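The values are calculated or read from the model by the stated rules, or taken from the named source; none is laboratory data. This is a predicted model, so every value here is computed, not measured. So basically every Cβ, Gly included, is an ideal-geometry build from the backbone, and we count neighbours across all protein chains shown.
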Amino acid sequence: MANCPECDAQVEDNGYELGELIICEDCGSELEVIGTNPLEVDLAPMEDEDWGE
């Protein structure tokens, strides 16, 4: 189990894979799995808008 870096809610280990993007059920933040044994998550990097370029 890990904690959301945004709201500190517990994130259960549901067999996620390294690099998988998940959503925190409490605050809705997008999280990236950065470790699997034990589960570690961090805020997912924001994608830049290209504004049609």
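Could you please let me know if A2 is more than 11 Å from the chain's Cα centre (by Cα) and at pLDDT 95 or above?
Values: more than 11 Å from the chain's Cα centre (by Cα): no; at pLDDT 95 or above: yes.
For A2, the condition - more than 11 Å from the chain's Cα centre (by Cα) and at pLDDT 95 or above - is not met.
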Identify, by number, the condition in (1) exposed (fewer than 14 other Cβ atoms within 10 Å of the Cβ); (2) in a loop (DSSP other than H, G, I, E, B); (3) not polar (S, T, N, Q) that G35 doesn't meet. (2)
Among the numbered criteria (1) surrounded by 12 or more Cβ atoms within 10 Å (Cβ to Cβ); (2) over 8 Å from the mean Cα position of the chain (by Cα); (3) farther than 12 Å from N3 by Cα, which single criterion is violated by E20? (2)
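To keep it simple, each residue is scored yes or no on (1) without any contact (Cβ under 8 Å) to a residue 40 or more places away in the chain; (2) on the phi < 0 side of the Ramachandran plot; (3) among the small types (G, A, S).
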| position | (1), (2), (3) |
| --- | --- |
| C4 | yes, yes, no |
| D8 | yes, no, no |
| V11 | yes, yes, no |
| G15 | yes, no, yes |
| E20 | yes, yes, no |
| E25 | yes, yes, no |
| E30 | yes, yes, no |
| T36 | yes, yes, no |
| V41 | yes, yes, no |
